[in-house]
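Read through the structure below, which is laid out as structure tokens, and then see the notes.
Values in this text are rule-based calculations from the coordinates and carry no lab data. These numbers come from a predicted model, not from an experiment. Methodologically, a virtual Cβ is constructed for each residue, glycine included, from the backbone with ideal geometry; neighbour enumeration extends over all protein chains shown.
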Protein chains: 2
Amino acid sequence: MPTSTAPSTARERARIEITQEILNTARDHLTKDGAAALSLRAVARDLGMVSSAIYRYVPNRDSLLTMLIIDAYDSLGADVEKAERTVRREAHLERFLTTCQAVRTWALAHPQEYALIYGSPVPGYAAPADTIVPASRVPAVLITILIDMHSRGRQPKPTPVEPLVSTAIADLRMFSGGLLPDDLLLRGMAAWSSLFGAISFELFGHLHNVVADGSKYRKAYFDHQMRQVALGLRLG
Amino acid sequence: MPTSTAPSTARERARIEITQEILNTARDHLTKDGAAALSLRAVARDLGMVSSAIYRYVPNRDSLLTMLIIDAYDSLGADVEKAERTVRREAHLERFLTTCQAVRTWALAHPQEYALIYGSPVPGYAAPADTIVPASRVPAVLITILIDMHSRGRQPKPTPVEPLVSTAIADLRMFSGGLLPDDLLLRGMAAWSSLFGAISFELFGHLHNVVADGSKYRKAYFDHQMRQVALGLRLG
DNA sequence: ACAAAGCAAGAGCAGCGCTCTGGTTTGTTG
DNA sequence: CAACAAACCAGAGCGCTGCTCTTGCTTTGT
């Protein structure tokens, strides 16, 4: 089943087109002034429509933000997948490091969008179901690397995990197709949090007066940290 | 030199008192509706003053947020310091784990304040200098644990660190009094990012459909992860 | 040919941050 | 004690926001 049916009437085509324009303009505003400053009225003004007309295409501000969130997840996911694909399949460590670099590169290039998806969620906001698939693209890449490593390499005996923790990650185990032992899944989660913890700290200003400001310093620092994380994954 | 001189006149006393009331009411609003929804007018209403009167005590909304940020850092810092103090000095691992638990406990109890200080910063916002001291209380606790461990325990030979990374963390080295080798400082940074990465993921909803929702599962998962982090610190 | 559905435009409501004006209170000084 | 400047308060007002409702017009499927 196709996710979107072909536009039969001119009206449907126009509707899709206008919705696209709204999304594009909104993304421009987002990258310039941040999510908090995004205003439906300003978007309408830019598009030469009156403010009320926007509500024909977007039910409200929150849902516009949701569309931008999905967009951001997909943009990040596509970049990361593309970067990771360029690496030789057997070079597991390099695949991991390339993935981390790609996430950071995207985040530095799209700080507001990064903040939108990995920063504080808006107060009453609950992520709708449409976001969970795009949101899992990066985790999927990481898990694939782990699976490849685990299935090919020598498998050290898995460290046993407490039952409570083991049941806690039942969903994650299912997501990975049951191909990974619990302790490796947990290491993967640790790597994932470390990756985003490091990027968030850098992007949200918590490295001020801690790690030198220059971009080469920041990159070297990040590199080093991710190599450390890779050690924890037994990738190095 | 005292940071605040004694209030001589009734007016000065009233001023301080009213400013305090404004801060308290603002904090109530923050914990209830989040930073984005915090409104000077609403605070004024709660206090029975007209909206313009607030500007006698607070220059603008941003500076009110800054005061709340400082408050939040101090609240977190005080809780963490208190918790960490209860542990036997020689039990370095336990001191570390207790610190992590204290951070998480505070974060779960004050999610909006956590989001305010560790979530996405407001677009044009630049943290003023007044925040850096309160912000470094938690890092200071972690570094003290590392110093105690390093100075007492057997010191494994430090892994050499690339020069670029070494110069990148010059500020951090200074902050730690030069008592720690670079590789341990870097492990400490990794632990710090992991800690906040883990808490941010949990608080900002990125563990949905990954780690089971129940608070005991979440706690067990967090415990496990922090023990893992401690291994990276060679604390375990 | 015609009703139904989709559309644009404008007015309007309640809220926001912030400023300005005019009038009052307070503390200090001649 | 009187005079005066500084600090205070209340209110009106500006321009912005999200969102709704009403009024007409146009496109669409029957």
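Can you pull out the trypsin sites (Lys or Arg not before Pro) in segment A:144-178 that DSSP calls coil and that have at most 12 other Cβ atoms within 10 Å?
Here the sparse-neighbourhood loop sites are A:154.
Express in whole angstrom the spacing between the alpha-carbon centres of segment A:38-101 and segment A:139-213.
After rounding, the separation between the Cα centres reads 24 Å.
Note the angle between two axes, namely the Cα long axis of helix A:92-109 and the longest principal axis of the Cα atoms of chain A, as a number of degrees from 0 to 90, rounded to the nearest 10.
Around 30 degrees separate the two axes.
Can you check how the C-alpha radius of gyration of segment A:163-236 compares to 2.2 N^0.38 Å, as a plain ratio?
Taking the Cα Rg and dividing by 2.2 N^0.38 Å, one obtains 1.37.
Using a 7 Å offset from Cα along Cα-Cβ at residue B:56, what residues in segment B:13-29 end up with backbone N under 17 Å from the label point?
The answer is B:13-23.
If you take each beta carbon of peptide A:222-234 and count the beta carbons of other chains within 10 angstrom, what is the mean?
The mean count of partner-chain Cβ atoms within 10 Å per residue comes to 3.
Taking each residue in A:166-174, count the Cβ atoms of any other chain within 10 Å of its Cβ, then average. What number comes out?
Mean shielding by partner chains, rounded to a whole number: 5.
Return one number: the angle in degrees, 0 to 90 and rounded to the nearest 10, between the long axis of the Cα atoms of helix B:10-33 and the longest principal axis of the Cα atoms of chain B.
Taking Cα atoms only, the helix is inclined about 60 degrees.
Other chains' Cβ within 10 Å of B:185-195 residues: what's the mean?
5
222 nm [θ] for chain B, helices only, -39500 (n - 2.57) per DSSP H run of 4+, per residue, to 500?
My calculation for chain B gives -21000 deg cm²/dmol from helical runs alone.
Determine the dipole magnitude for the protein assembly as shown: charges of +1 sit on the beta-carbon of Lys and Arg, -1 on that of Asp and Glu, nothing else is charged, the reference point is the Cα centre, and the result goes in debye to the nearest 20.
About 580 debye.
Which percent of Cα-Cα pairs in segment A:84-236 sits in each 5 Å bin, short to long?
Bin by bin from 0 Å, the calculated values are 2, 8, 17, 19, 19, 16, 11, 7, 1, 0.
Residue A:39 to residue A:11: extension gain in nm, 0.36 nm per residue of separation minus the Cα-Cα distance?
Difference between extended and current length: 7.5 nm.
How far apart, in nm, are two points set 7 Å out from the Cα along the Cα-to-Cβ line at residue B:173 and at residue B:85?
Between residue B:173 and residue B:85, the simple spin-label model gives 3.3 nm.
If you take the charge dipole of the protein assembly as shown about its Cα centre, with +1 on Lys and Arg Cβ and -1 on Asp and Glu Cβ, which of B:129, A:149, A:201 is farthest toward its positive end?
A:149
So if I average 1/r over every pair of distinct C-alpha atoms in segment B:18-176 and take the inverse, what Kirkwood radius in Å does that give?
Here the Kirkwood hydrodynamic radius works out to 18.1 Å.
Beyond 15 Å, what percent of the Cα pairs of segment A:128-180 remain?
Roughly 60 percent, rounded to a whole number.
What residue in chain A has the Cβ closest to the axis turning A into B, and how close is it in whole Å?
Here the value is A:197, 1.
How large is ³J(HN,Hα) for each residue in segment B:49-64, as worked out from phi by the Karplus curve 6.51 cos²θ - 1.76 cosθ + 1.60 (θ = phi - 60°), to whole Hz, x for Gly and Pro?
These are the phi-based 3J(HN,Hα) values: 10, 7, 4, 5, 5, 4, 6, 6, 10, 10, x, 6, 5, 4, 6, 5 Hz.
Which number comes out as Rg/Rh for the protein assembly as shown once both Rg and the Kirkwood Rh are worked out on C-alpha atoms?
Ratio of gyration radius to Kirkwood radius: 0.99.
How large is the charge dipole for segment B:116-183, taken about the Cα centre, if only the Cβ atoms of Lys, Arg (+1) and Asp, Glu (-1) carry charge, to the nearest 20 debye?
About 260 debye.
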